[in-house]
Structure formats: structure tokens, C-alpha cells
1. Sort out which residues of the stretch 22-41 are of a type outside the set (S, T, N, Q) and closer than 20 Å to Val5 by Cβ, and write them in order of number.
2. May I ask you to list the residues in the stretch 16-44 that are over 8 Å from the mean Cα position of the chain (by Cα) and of a type in the set (A, V, I, L, M, F, W, C)?
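All of the numbers you see were taken from the coordinates with simple rules; none came from a lab. Bear in mind that the values here come from a model prediction, so they are computed numbers and not experimental data. Cβ placement follows ideal geometry from the backbone for every residue including glycine, while neighbour counts extend to all protein chains displayed.
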Amino acid sequence: MAQDVEAKRFSEVQLFSGTVIEFGKKHGIPTPINEQLYDRIKDIESTYLYF
């Protein structure tokens, strides 16, 4: 993932962390760390400029 950030490539965060968050909500299990990491990575990715 660090290589993705350095190269400003979008990661697979939705596939992995997003899935964990969805399953947690479905089964009533809190996933606060996954949510924090997901939000932070999405914030970083939102700064990537593509033309």
C-alpha cells in the first residue's frame, strides 16, 4: 500500500477494508480501526490529480 501512495495509485481499500466494515455492520460488530484507516486512505487518495 505504501508503494501505491508513493506512486499515487488508487489502492484496493474498498475491496478489503470496505468489505470488513460492511460485514461488521451486517453482524453488529464495531470496526472502528478499519473505519479510521479506510477514511484516512480515502482522504489520501482524494488528493491524487488525474487529467
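1. Ile33, Glu35, Leu37, Tyr38, Asp39, Arg40, Ile41 - these are the residues of the stretch 22-41 that are of a type outside the set (S, T, N, Q) and closer than 20 Å to Val5 by Cβ.
2. Val20, Ile21, Phe23, Ile29, Ile33, Ile44
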